[in-house]
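Below: one structure, written as structure tokens.
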Amino acid sequence: MKKALVHDWFSVYAGAEKCVESFTNIWNDFDVYSLIDFLNEKDREIILKGKKANTSFIQKLPKAKDKYRNYFPLFPFAIEQFDLSDYDLILSSSHAVAKGVLTHSNQLHISYVHTPIRYAWDLYHQYLKESKLDKGLKGILAKYFLHKIRIWDMSTINRVDYYIANSHYIARRIKKVYGKDSTVIYPPVDVDKFKLKSYKEDFYLTASRMVSYKKIDLIVEAFSKTDKKLVVVGTGPDMEKIKSKAAKNIEILGYQPDSVLIDLMQKAKAFVFAAEEDFGIIPVEAQACGTPVICLGKGGTKETVIDNVTGVHFDNQCVENILKAVDKFEKNIDKFEPEKIRENALRFSRDRFEKEIKDFVEEKYKIFKNHK
């Protein structure tokens, strides 16, 4: 079986790349394709086992390493230039255009979908507002290109034989946008790196990239109205905005290495998370430490955090809801058992993911081969 692995882009080692890491753990003979590949050597060894991806013409465009997203209107054209006609199996890892590679009837294409293109579908209006592209000439151009992306995206839905969604939340999105059913296989979380610690200290923790949809500013604003200590880990474009909202009880540490973050996760009385995520790996990592999670009860965290057992859900992304959830947590703090919380996190282990993916792909390929 000759296999190709297609991923949108390789720039950093994040959640989607952890899935690719597992794909190359299971099968080490993939030929890899991606719009760009600017991984450092350490990450390349982990994710691609040292291989370099076959890249598109985007790789050679000016400032592509840092500004590749500026070429977004070219992505559909670029992904279609990969000639995959010699492969028996194509496995795509897609949160943008990877699922749109061209395939023919003698090939099996399975797509692991992290999300349908966020800024073209669900987050279209939010993206335009936050990027200040809802008005003016630039706004008209952005809307036009995103309109064209949606048309292209819909034209690609039958290029995939089987869809895998990374959560039931994303399965619903796939059904809504593409009209396709999908199988849910939760992404891999390296739970073994996060050891259980039953004794907790008197502080709350949040950690994330500081970008608007993560809502770190809301968490900071909420805790600034209390005397409860909050530790904030992470960096990004919203750093100054977040600092400006922080009272004296908020400690903003910026970027921290994994060892420091894990230590804080183990010691925190609770981890606070306000983003509406497709899945959300970090709340699962916190639970693996036996740490309860106070989170938005929508998106992936609704599935990974059990309300009143491994954490507390709140309904809306607002200061008032966060404060109510923290208050509810403090009044019921003795009910949250670290051992039970860790047990819940083990449902999302890397071993489980790799077994489920391997079984799914091999079963579908066997059926496909028998019907050729």
- Message: 7 Å from Cα along Cα→Cβ at both ASN316 and PHE203: what's the point-to-point distance in nm?
- Response: 3.2 nm
- Once you have a ≥ b ≥ c as the square roots of the Cα gyration tensor eigenvalues for segment 289-363, tell me rounded if a/c is under 1.5, and otherwise prolate or oblate according to whether a/b is larger than b/c. oblate
- Mind running the shape call on segment 191-347? Use the C-alpha gyration tensor, a ≥ b ≥ c as the square roots of the eigenvalues: rounded below 1.5 for a/c, prolate if a/b tops b/c, oblate otherwise. rounded
- Looks like segment 206-274, by Cα gyration tensor root eigenvalues a ≥ b ≥ c and the a/c under 1.5 rounded cutoff (else prolate when a/b is bigger than b/c, oblate otherwise), is oblate
- Task: Pop out the ³J(HN,Hα) list for segment 328-345 in order, Karplus 6.51 cos²θ - 1.76 cosθ + 1.60 with θ = phi - 60°, rounded to Hz; leave Gly and Pro as x.
- Result: 4, 4, 5, 6, 10, 4, 6, 7, 8, 9, x, 5, 5, 5, 5, 4, 4, 5
- Message: Can you give me the Rg/Rh ratio for the chain, using Cα atoms for both radii and the Kirkwood formula for Rh?
- Response: 0.97
- So which of LYS129/LYS269; LYS298/LYS331; LYS18/LYS195; LYS195/LYS358 end up more than 31 Å apart by C-alpha? LYS129/LYS269
- Query: List the lysines whose alpha-carbon lies under 18 Å from that of LYS60, not counting same-chain residues fewer than 8 positions away?
  - Reply: LYS52
- Note on the structure: DSSP beta bridges in segment 37-178: the antiparallel percent, rounded to 5, is 0 percent
- Message: As an exercise, identify the chymotrypsin sites (Phe, Trp or Tyr not before Pro) in segment 179-276 lying in DSSP coil whose Cβ has no more than 15 other Cβ atoms within 10 Å.
- Response: TYR199, TYR255
- Viscosity 0.692 mPa s, temperature 37 °C: Stokes-Einstein D of segment 1-99 from its Kirkwood Cα radius, in µm² per second? 243 µm²/s
- Task: Compute the semi-axes of the equivalent ellipsoid of segment 245-288, taking the square root of 5 times each eigenvalue of the Cα gyration tensor, and list them largest first in whole Å.
- Result: 19, 15, 11
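Every number in this text was worked out from the coordinates using simple rules, so none of it is lab data. Keep in mind that this is a model prediction, so the values were computed, not measured. Cβ coordinates were reconstructed from backbone atoms using ideal geometry, including for glycine residues, and neighbour counts include every protein chain displayed.
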